[in-house]
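The values are calculated or read from the model by the stated rules, or taken from the named source; none is laboratory data. Owing to the predicted nature of the structure, the values given are computational and were not obtained by experimental measurement. So basically every Cβ, Gly included, is an ideal-geometry build from the backbone, and we count neighbours across all protein chains shown. Only protein heavy atoms, including side chains, enter the accessible area calculation; ligands, DNA and RNA are left aside. Shrake-Rupley method; radii C 1.70, N 1.55, O 1.52, S 1.80 Å.
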Amino acid sequence: MRHRPLTAWLLALPALAVFAFYITWPLIHTVVLSAYSWSALNPIRTFEGFGNYVELAHDPVLRTALINNGLWIVLSLVFQLPLAMLLAVGIGSALRRHRILRTVYFSPLIIPAVAVGLIWTLFYDPNFGAFNALLEAVGLKGWTAGWLGDTKLATLCIIAVSCWRYTGFHMMILLAGLQAIPEDIYEAAVIDGANAWRTFWGITLPLMKRVVLVDALLITVGSVKIFDLIWVMTAGGPNHASEVLATYMYRAAFSDDRMGYSAAIATVMLVLTLIATVIYLRLTRLEEADA
Amino acid sequence: MKRAAGAWLRDGLFALLALVFMLPLIWTVIGSFRGASTLRVEPWGLPETLDWGNYVAAWEGRIGLYLLNSTIVTVASVVLIVVLSAPAAYAFARMRFSGAGLALGFILTGLLIPAHAVLIPLYELNSALGVGDYLALIGPYVAFGLPLSVLLMRAYFVEVPGELMEAAIIDGAGHLRILWSIFMPIARPAVATVAIFQAAWVWNELPFALVFIKESAHLTLPVGLLNFQGEHIANWGAILAGVTIAVIPLMVLYLVFQRHIVRGLTAGAVK
């Protein structure tokens, strides 16, 4: 069929223009601004070159933030991906019957992150919280803790909440990939006498590698930009213990009033996202070369 | 017989897990009817009476106003996202033109870009343009909503049978007409998926709302809830009531449209 290219461009142009105006241009601008220093009080921009980055390299809070973001990536991948896969395979095998379960698992994503954060902050409260009360009730009083107020536990507590919130979402993505696998492949495996365990490792997983990789990328990028739950539950505290790049970036710009320094932190986030994407693209390409 | 036992065990485990997923929500709704003093002494207790006092306190704490602001911003953003992404998805799915691959790749980069990477320039842009609080939010929300919407709708549009389109072209229909009267009705699952995902995203968005809203009367629910919590720090019942009010509209929307979601995503996974 013939189309005039002009018509096609006109149809796509509004979306492209809005995207470029609100995302691409500001993105480039952030990188440029990271070479300057200025503040809301003193809006005259001074050129710093790589000055902001030199300071970042010696900033202990940035180090904590990077370590925490790393922890977020690793723990989210380790816990969310297998659990989401288990739920997807379990529910996918009898989809009709498990529609209610699917609805339930996905539902935490619909709740505003701020609401989730507020609920769990009360849950974790060291004095009156439901979690400590639950532990005492089942005879585990020794396990009660300060949770969010504990510098060693704060980040782990919030990561647990994030798993609660996002596992259902990842289940949904894997479920979509699962349904793209043709039924008759399974029928053949059943005739050959393969059990559920072998069918999963031999058929389901190899055929879903692409979807799993895409989902792993989503989890990784999501962990680099994680902000809401932390901001609500600890605001990066106590004493920067749960700080991540996004909370530190926000604090630098809008409470410390160091715009250029904040833009440099934002650029670090961007570079990390880029690195993660390139790694996953490489993996996907290797995957396709194998197939 | 043995298999039935295994199936029971599996279903039991999934049901137990579902309970774990629901527990904080159930606790929230129950707690929203309880008094602050009893809630803090006995966090797992049941309400003594069905007390709506917490909801009255939440409503007086301007939760109703925040609800209205969030509704305005969400509806406007989702409508604009669909209106802008549908023609683009149609062009990428059904028309061959030079630079199409590049343009699609360009817009899909948005799936990965963190909001924080554009926060400072957009803050300055909004100040320079002097736009109102609603518009300051809607612009970036729409832009960030486009990539996923174009991706999902395009995947669905690709699968629409070509004969339908050819017949319409022979009848003399233009592309916008074909998009509106043939593609959009067929792609209802994709549109529903897009709408629910984007509505959830806009409704819940925090960093832009924290920075861009200048007047407290224009606050959306996430920031409004945070302020409300700050003012009622010890009144847990009222906080939980505010949370419950914030959750209900999207829950209803989700329960109405949820059966479309997997179908809307599946097309995307095949391509």
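Quick check: from the Cα gyration tensor, does the stretch B:184-255 come out rounded (a/c under 1.5), prolate or oblate? Verdict is oblate for the stretch B:184-255. Residues of the stretch B:98-132 whose accessible area (probe 1.4 Å, heavy atoms of protein chains only) drops by at least 50 Å² once all protein chains are present, relative to their chain alone: B:Phe106, B:Leu112, B:Ile113, B:Pro114, B:His116, B:Ala117, B:Ile120, B:Pro121, B:Glu124, B:Leu125. Computed in the context of the full set of protein chains, the accessible area of chain B at 1.4 Å probe radius has 69% of its extent on carbon or sulfur. Computing Rg and the Kirkwood Rh from the Cα coordinates of the stretch A:135-188 gives a ratio, Rg/Rh, of 1.33. Contact order for chain B, expressed relative to its length and based on alpha carbon pairs under 8 Å spaced 6+ residues apart, stands at 33 percent.
Return one number: the angle in degrees, 0 to 90 and rounded to the nearest 10, between the long axis of the Cα atoms of helix B:221-231 and the longest principal axis of the Cα atoms of chain B. Relative to chain B, helix B:221-231 is tipped by roughly 20 degrees.
Using a probe of 1.4 Å on the protein chains alone, the accessible area found for B:Tyr123 is around 60 Å².
Show me the trypsin sites (Lys or Arg not before Pro) within the stretch A:52-124 that DSSP assigns to loop and that have at most 16 other Cβ atoms within 10 Å of their Cβ. Before the final figure, lay out each step's value.
On the way: sites: A:Arg63, A:Arg96, A:Arg97, A:Arg99, A:Arg102; in loops: A:Arg96, A:Arg97.
Loop-located and lightly packed - A:Arg96, A:Arg97.
Put a plus charge on the Cβ of each Lys and Arg, a minus charge on the Cβ of each Asp and Glu, and nothing anywhere else: the dipole of chain B about its Cα centre is then about 880 debye.
For the set A:Glu288, A:Glu243, B:Glu231, the ranking by accessible area, highest first and with no ligand, DNA or RNA atoms included, is B:Glu231, A:Glu288, A:Glu243 under a 1.4 Å probe.
Computed over the Cα atoms, what is the radius of gyration of the stretch A:18-290 divided by 2.2 N^0.38 Å, N being its residue count?
Expressed relative to 2.2 N^0.38 Å, the Cα Rg reads 1.20.
Distance distribution P(r), the protein assembly as shown, all Cα-Cα pairs, bin width 10 angstrom from 0: 3, 16, 26, 27, 18, 8, 2, 0 percent.
Result for chain A in a Gaussian network model with C-alpha springs under 10 Å: among A:Phe200, A:Phe79, A:Phe21, the largest mean-square fluctuation is at A:Phe21.
Per DSSP H run of at least 4 residues, take -39500 (n - 2.57); add these up for chain A, divide by its residues and hand me the 222 nm value, nearest 500 deg cm²/dmol.
Dividing the helical sum by the residues of chain A leaves -22000 deg cm²/dmol.
When the Cα positions of A:Tyr280, B:Pro140, A:Ile203 are compared along the charge dipole of the protein assembly as shown, A:Ile203 comes out farthest toward the positive end, with charges on each C-beta of Lys, Arg, Asp and Glu.
Chain B and chain A together bury an accessible surface of about 8000 square angstrom, both sides counted, with a 1.4 Å probe and no ligands or nucleic acids included. Given a 1.4 Å probe and the protein chains as shown, A:Glu187 ends up with an accessible area of around 110 Å².
For the full complex of protein chains and a 1.4 angstrom probe, list B:Ile169, A:Ile219 by accessible area with the highest value first. Provide the component values of the computation, followed by the final result.
On the way: B:Ile169 65, A:Ile219 10 Å².
So, going from the largest accessible area down, we get B:Ile169, A:Ile219.
Dipole size of the protein assembly as shown about its Cα centre, with +1 on Lys/Arg Cβ and -1 on Asp/Glu Cβ: approximately 1140 debye, rounded to the nearest 20. Near the amide H of A:Tyr36, within less than 5 Å, lie the amide hydrogens of A:Glu48, all on another chain or at least 5 residues away, with H placed in the peptide plane.
Taking every full run of DSSP H in chain A, the ones that stretch at least 27 Å from end to end by Cα along their long axis and average 0.0 or higher on the Kyte-Doolittle scale are A:60-92, A:154-179, A:205-224, A:259-290.
In the context of the full protein assembly, A:Leu66 retains an accessible surface of approximately 70 Å², using a probe radius of 1.4 Å and ignoring ligands and nucleic acids. Out of every Cα-Cα pair that the stretch A:210-256 contains, those further apart than 15 angstrom amount to 50 percent. Which residues in the stretch B:138-180 have a backbone N closer than 12 Å to a point placed 7 Å from the Cα of A:Thr7 along the Cα-to-Cβ line? Once the point is set 7 Å along Cα→Cβ of A:Thr7, B:166, B:168-179 turn out to lie under 12 Å by backbone N, inside the stretch B:138-180.
Taking only the Cα atoms of chain B, the radius of gyration and Dmax are 23.0, 74 Å. Remark: chain A carries 48 Å² of accessible area per residue (probe radius 1.4 Å; ligands, DNA and RNA excluded). In this entry, the stretch B:1-145 is assigned a mean projected area of 17.6 nm², taken as a quarter of its C-alpha convex hull surface. On a per residue basis, the stretch B:63-270 carries 36 Å² of accessible surface, using protein heavy atoms and a 1.4 Å probe. Here the label points at B:Ala167 and A:Phe47, each 7 Å from Cα along the C-beta direction, are separated by 6.5 nm in the simple model.
Each eigenvalue of the Cα gyration tensor of the stretch A:19-168, multiplied by 5 and square-rooted, gives one semi-axis; in descending order these are 39, 25, 15 Å.
Measuring r between the beta carbons of A:Ala20 and A:Leu77 and using R0 = 30 Å, the FRET efficiency lands at 0.40.
Compared with the dominant principal axis of the Cα atoms in chain B, helix B:119-129 is inclined by about 80°. Helix B:63-94 and the longest principal axis of the Cα set of chain B meet at an angle near 20°.
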